[in-house]
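Report on the structure given below.
Bear in mind these aren't lab numbers, they're just calculated from the coordinates by the rules spelled out. In this text, all values refer to a predicted model and were calculated from it rather than measured experimentally. A quick note on method: Cβ atoms are made from the backbone with ideal geometry, for glycine too, and the neighbour counts reach across all protein chains shown.
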Amino acid sequence: MNVEPIINAKFKRFREKMELTNIADGVAFEQFVNHTILTAHQPDAFNGDNELFEKVNVGGTKDMGIDGIAIKLNGLFIRDIDEARDLTKRLPRISIEFIFIQSKYKSNFDKGEFNNFSDGVREFLSEKQKQPVSEEIKELIKIKEFLISENAVFKWDDNPSVRLYYVVMGKWHNSQHQLALADTFKEDILALNTYKEPLIHFVDHDGFKSILDSNENNFEVSINSIETMPLTSVDLVDNSCVLLCYASELKKILTTPDGLIRKSLFDDNVRDYQGDNSINTEISNTIQTEPQKFALLNNGITIVCEKYTPSNRQITLRNPQIVNGCQTSHVIFHNASDNDVLSRVPIVIKLISTNDSEITNQIVRGTNRQNIVYDEAFEATKKFHKDLEDFINALSPEYERFYYERRSKQYDHNPSISHFQKLNLRIIIQSFIGMFVNEPHISHRHESKLLELYSNLVFQDFQSKLPYFTSALAFYKLEKLFRANAINKKSFYAFRTHLLMIFREITGGARPNINVEKIANEHSQLVLSYLKDEDKCRQKFIEASEIFEQARQHWVIVLKRDQYRIKDNKDFTDLLLTGIRKSTTITTDLVEDENYKYKGPIVKIFKDRFGTYCGFIGRNPNDIFFHSSSAKGIDLFGKVGHLVTYKVTTNPKNGQLIATDIDLDKI
């Protein structure tokens, strides 16, 4: 079919960026629409992370007539039940939204197709599902059931929202048949007494193009001012002024055609919306109780735009960005239902027209002087992460070029960087904890939870950056193998961090002490030698998948354990490590694992200057020292040549490796 040329060009670019050129047009278009619609809800949702993109694309067999499903918790998409539990536990109040998408690469809106779509959504939201459901949708239903359970309901701000998008590349003519079906659907959902009245969007090619433009912040809007005052001339600034207008005019800038807040406006902001904290509650109270005082009590907002054109009291802005005033803007948006009140709320806007990025950066820095709280939202702003970004940029060309995207859309200006070359904080921390902490059963959790659990273990300034680089590169290489179908995605994709751990163990041995730079670096070099060689890398990852599968079969068939309780089970991780270490003989003095017992012969025994027995245990490449205090209950006399088991730790005085917890080997 003939698709609007601009949409078609962007669709083609999307397929290339996401490496979807070898799948059917219809399937690729579904994924394009899902990506576009959901990016409007959360602009950085898919940046540097392909996992969410995999989860929202549910079209296929047993899809309930739905192409895309996403669940938002306090404005953020969540991937699994653990994230839902973690965020619900730590947030004082929660808002929930369910988003459903159906799209057709055709020119006509079909009553039957929309009916199937709404039927599927109706079943998803109901207590029971009668029609066949795919495993992917079952996982999303589990999240839904948790969020509407008694454990979560008491934290609700309001009943969950439901939003449907039916996207077709034709012209929407307000079909009364389909609008009637939509009304019936709304009545059925309200009858469940759980959800707010659903919002249903029939999106035609014009509407879809508008969403694409909004995502790129490519739009014009005209607002009416009360008064304007020009500012002094500045080099590289085309025009600037301070204007006073009513909040109802700002609402025109803030709101997308489908009633969302235009998230792309805030790409350059230092912090995202902080919710109902005391400051934002105070802003809202001023709007409701003393609207006329708002301009006196509020600092206003700063907007940088490509161009603005005054005409009497009307000003037209092209491609605006709100670089300061994110909190104020969101509070105004959340009060937008009361337009009469907003039309009495005066607000001061500093408006600057420039195309110079450095000027924009200076404005961002100059208008955001508040102290930043270093919670998970700002973790990536710390020095460690800036240094890690530089480290990756310097070292990755020796292996394969990829980037640490610390900030949302950081590399969007560079079309030569593909979607898969950008790794975000989530990937960095999940990969590292799975691969170098040997806890893949926890590593899939939300990054905020991981930062809480491992705050004293990861991203420490004294740590080497090389293990972090190694885990990021390994993730990048593994994703590449999944895309090339060298490893079965359906069988192993959910267990990526398990495979990373296995890969490191079979190429470098038991995990290193990440707090000792020499140990961590030399261990990482062992692993990197395989990651640098394409054939060896592929071979070892395939071997890792085979080891995983053998353990999975043993878990299910021999141990009679639940195959669906593997991903987050420490016992399964221990089973993997036990199996690996029985068949892998890589052991060096660069390895340290406080939970792992090594084996070796006593090669020397002597007395120290205090007359206490000490000795060395044979180890490759260097023997390891032990003290008799670590061999309690063992008569060391005449024990040279005897096998012992031991753990390895670091001497706090000199940083050298020493053996501890020594026992005579009983085998």
note = Calc'd 3J(HN,Hα), region 133-147, phi into Karplus 6.51 cos²θ - 1.76 cosθ + 1.60 (θ = phi - 60°), Hz, glycine/Pro = x, comes to 10, 5, 4, 4, 6, 4, 5, 5, 5, 4, 5, 4, 5, 5, 5
note = The summed charge of the Asn159 Cβ neighbourhood (under 12 Å; Lys/Arg +1, Asp/Glu -1) stands at -3
task = Show the residues, 5+ positions off or on another chain, whose built amide H is closer than 5 Å to the amide H of Ile94.
result = Trp156, Asp157
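Please report, in whole Å³, the volume per residue of the convex hull around the C-alpha atoms of region 172-263. Walk me through the numbers before you get to the answer.
Values: hull volume 14.0 nm³, N = 92.
Given the Cα convex hull of region 172-263, per-residue volume reads 152 Å³.
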request  = Sort the following peptides by mean Cβ neighbour count (other Cβ atoms within 10 Å, averaged over residues), highest first: 23-36, 171-184.
outcome  = 23-36, 171-184
Computed Kirkwood radius, in angstrom, where 1/r is averaged over Cα pairs of region 377-583 = 17.4
inquiry  = For region 598-664, report the % of Cα-Cα distances exceeding 19 Å.
reply    = 23
query = Quick one: what Rg and Dmax do you get for region 220-367 from the alpha carbons, in Å?
reply = 14.5, 42
query = Karplus couplings for region 164-176 from phi (6.51 cos²θ - 1.76 cosθ + 1.60, θ = phi - 60°), rounded to Hz, Gly and Pro as x?
reply = 10, 10, 10, 10, 9, 8, x, 10, 7, 10, 6, 4, 5
key: Table column - 3J(HN,Hα) (Hz), region 468-485, Karplus curve with 6.51, -1.76, 1.60, x for Gly and Pro   = 5, 4, 4, 5, 5, 5, 4, 4, 4, 5, 5, 4, 5, 5, 5, 5, 8, 6
query = Is region 5-215 rounded, prolate or oblate when judged by the Cα gyration tensor, a ≥ b ≥ c being the square roots of its eigenvalues, rounded requiring a/c under 1.5 and prolate requiring a/b larger than b/c?
reply = oblate
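Can you tell me the order of 382-393, 349-360 when each peptide is scored by its average per-residue count of other Cβ atoms within 10 angstrom, highest first?
349-360, 382-393
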ask   = For region 10-91, what does the alpha-carbon gyration tensor say about shape, rounded, prolate or oblate, given a ≥ b ≥ c as the root eigenvalues, a/c under 1.5 as rounded, and a/b over b/c as prolate?
value = prolate
request  = Could you pull out the chymotrypsin sites (Phe, Trp or Tyr not before Pro) across region 419-477 that fall in loop regions by DSSP (anything but H, G, I, E, B) with no more than 10 other Cβ atoms inside 10 Å?
outcome  = Phe462
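Measure up Lys142/Lys477; Lys477/Lys540; Lys89/Lys186; Lys89/Lys144 against 22 Å on the Cα-Cα distance and list the ones that go over.
Working: Lys142/Lys477 31 Å; Lys477/Lys540 11 Å; Lys89/Lys186 31 Å; Lys89/Lys144 16 Å.
Over 22 Å apart, Cα to Cα: Lys142/Lys477; Lys89/Lys186.
Among bridges DSSP assigns within the chain, what percent are antiparallel (round to 5)?
On the way: 54 of 76 bridges.
Antiparallel: roughly 70 percent of the beta bridges in the chain.
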task = Consider just the alpha-carbon atoms of region 62-126 and return their Rg together with their Dmax, both in angstrom.
result = 14.9, 46
query = Over all Cα pairs of the chain, how is the pair count split among 20 Å bins, expressed in % and running from 0 up to the last occupied bin?
reply = 16, 44, 29, 10, 1, 0
Calculated [θ] (222 nm, deg cm²/dmol) that DSSP helices of n ≥ 4 give over the chain, each run adding -39,500 (n - 2.57) = -12500 deg cm²/dmol
message = If packing is taken as the average count of other Cβ atoms within 10 Å, what order do 117-124, 198-205, 150-157 fall into, highest mean first?
response = 117-124, 198-205, 150-157
